[in-house]
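Remarks on the structure that follows.
The values are calculated or read from the model by the stated rules, or taken from the named source; none is laboratory data. The model shown is predicted, which means the values in this text are computed figures rather than measured ones. Cβ atoms come from the backbone with ideal geometry, glycine included; neighbour counts cover every protein chain shown.
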Amino acid sequence: MRTRESKSPLPILFAGADVRARDITLLSSISLSIASGPPTALIGPNGAGKTTFLKAAMGLIATSGGGITWGGNARPPPAGLAIVFQRPVMLRRSCAGNVRYALAAAGVPTRERERRTTELLSLVGLESLATRPARRLSGGEQQRLALARALARDPTVLFLDEPTASLDPGATKAIEEIVRAVSQRGVKVVMATHDLGEARRLAGEIVLLHQGIVIESGPASAFFSEPATDAGKRFIAGELLT
Ligand SMILES: Nc1ncnc2c1ncn2[C@@H]1O[C@H](COP(=O)(O)OP(=O)(O)OP(=O)(O)O)[C@@H](O)[C@H]1O
Ligand SMILES: [Mg+2]
């Protein structure tokens, strides 16, 4: 039996968090709470700070002011969080080999790995490609495999960075269905996207970032029907934020 961290990483609480790289401010005074529930979508133009926010929420980069806590702890529990980056790197192995590797890295005992590999490949619709070299997969298939690998960690929170960027509508729909299924199983999904349609379809909660600042955050329905800020209104209308 794998011992699960007893403490949940939720809520992830940003309390006036600043992130800097040398003298550049990447995130400025972020205060918000990420709790369990439907997906949270981080939206905002290129360079807004979405990827930086995800890395900070994963505990991969340090804050230089304020702080972030995970379920009240100063560090996230090691097994609780998983992330799929925008351009995931596939191991030079089969699809199943990539998932098996992720399961081994997550400490899943050998005797359970075959069953879990089959389960995860079927969850992402890749069971028929199990023996295919992962690097030969299409972009959409690689994204699905990357999702399966992240889920091998059995995370409480799954961070996704632009999971459907550069995918066609069919591949996008496949990813969105997986995100919905994963969310319905109780995994908290936090996804960066500049696709407003995707945020509208999936998110329960919206965080609008611009120039490293949270412009607006709250329930998605309220944000899309009546954004509270002028920048929010302009972003929804497809105008450039400057
Ligand atoms: N280590 C770093 N050093 C200096 N600047 C950085 C560093 N990391 C990110 N930046 C800058 O911080 C800003 C925010 O970057 P980030 O990647 O978080 O944006 P983003 O919202 O994810 O953008 P995109 O939609 O293009 O992915 C950008 O202007 C980027 O160039
Ligand atoms: Mg990014």
### Message
Just to verify a result, which residue in the range 130-174, among those that are in a helix (DSSP H, G or I), under 17 Å from the mean Cα position of the chain (by Cα) and among the basic types (K, R), is farthest from ligand 2 (Cβ to nearest atom)?
### Response
K173
#### Entry: Filter result for T63 (within 16 Å of ligand 2 (Cβ to nearest atom) and among the hydroxyl-bearing types (S, T, Y))
no
### Task
Only strands (runs of 3 or more DSSP E) wholly contained in the range 1-89 count here; list those with 2 or more residues that are surrounded by fewer than 17 Cβ atoms within 10 Å (Cβ to Cβ).
12-21, 24-34, 65-70
### Query
Just checking, which of A106, A150, A96 is surrounded by 14 or more Cβ atoms within 10 Å (Cβ to Cβ) and touching a strand residue (DSSP E or B) at 6+ places or on another chain (Cβ under 7 Å)?
A150
### Query
When you go through A17, A74 one by one, which is the residue that is farther than 21 Å from Q143 by Cα, without any contact (Cβ under 8 Å) to a residue 24 or more places away in the chain and more than 12 Å from ligand 1 (Cβ to nearest atom)?
A74
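Tell me, yes or no, whether the range 173-189 has at least one residue that is acidic (D, E), more than 22 Å from A17 (Cβ to Cβ) and modelled with pLDDT of 95 or more. Talk me through it step by step, then tell me what you get.
Residues of the range 173-189 acidic (D, E): 176-177.
Checking which are more than 22 Å from A17 (Cβ to Cβ) leaves us with 176-177.
From what is left, the residues that are modelled with pLDDT of 95 or more are 176-177.
Checked against the condition, which is being acidic (D, E), more than 22 Å from A17 (Cβ to Cβ) and modelled with pLDDT of 95 or more, the range 173-189 yields at least one hit.
Of the residues G212, G204, which single one is touching a Ser or Thr at 6+ places or on another chain (Cβ under 9 Å) and under 24 Å from P169 (Cα atoms)? Lay out the reasoning, then the answer.
On the way: G212 fails: under 24 Å from P169 (Cα atoms).
One residue alone meets the criteria, G204.
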### Task
Please work out which residue is nearest to I24 (Cα to Cα), limiting yourself to the range 183-199 and to residues that are surrounded by 16 or more Cβ atoms within 10 Å (Cβ to Cβ) and more than 16 Å from ligand 2 (Cβ to nearest atom).
V189
### Message
Against the conditions (1) buried (at least 18 other Cβ atoms within 10 Å of the Cβ); (2) within 16 Å of ligand 2 (Cβ to nearest atom), where does Q211 fall short? Just the number, please.
### Response
(1)
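Which residues, taken from the range 60-103, are of a type in the set (A, V, I, L, M, F, W, C) and out of contact with any helix residue (DSSP H, G or I) (no Cβ under 7 Å at 6 or more places or on another chain)? Spell out how you get there, then give the answer.
Within the range 60-103, the first condition is being of a type in the set (A, V, I, L, M, F, W, C), and the residues that meet it are 60-62, 68, 70, 74, 79, 81-85, 89-91, 95-96, 99, 102-103.
Within the range 60-103, L60, A62, W70, A74, A79, F85, V89 qualify.
Please indicate, with yes or no, whether at least one residue in the range 218-231 is within 16 Å of ligand 1 (Cβ to nearest atom), among the hydroxyl-bearing types (S, T, Y), surrounded by fewer than 22 Cβ atoms within 10 Å (Cβ to Cβ) and under 26 Å from G16 (Cα atoms). Show your work before the answer.
Filtering the range 218-231 for residues within 16 Å of ligand 1 (Cβ to nearest atom) gives 231.
Imposing the further condition that a residue be among the hydroxyl-bearing types (S, T, Y) reduces the set to none.
So far as the range 218-231 goes, no, none of its residues is within 16 Å of ligand 1 (Cβ to nearest atom), among the hydroxyl-bearing types (S, T, Y), surrounded by fewer than 22 Cβ atoms within 10 Å (Cβ to Cβ) and under 26 Å from G16 (Cα atoms).
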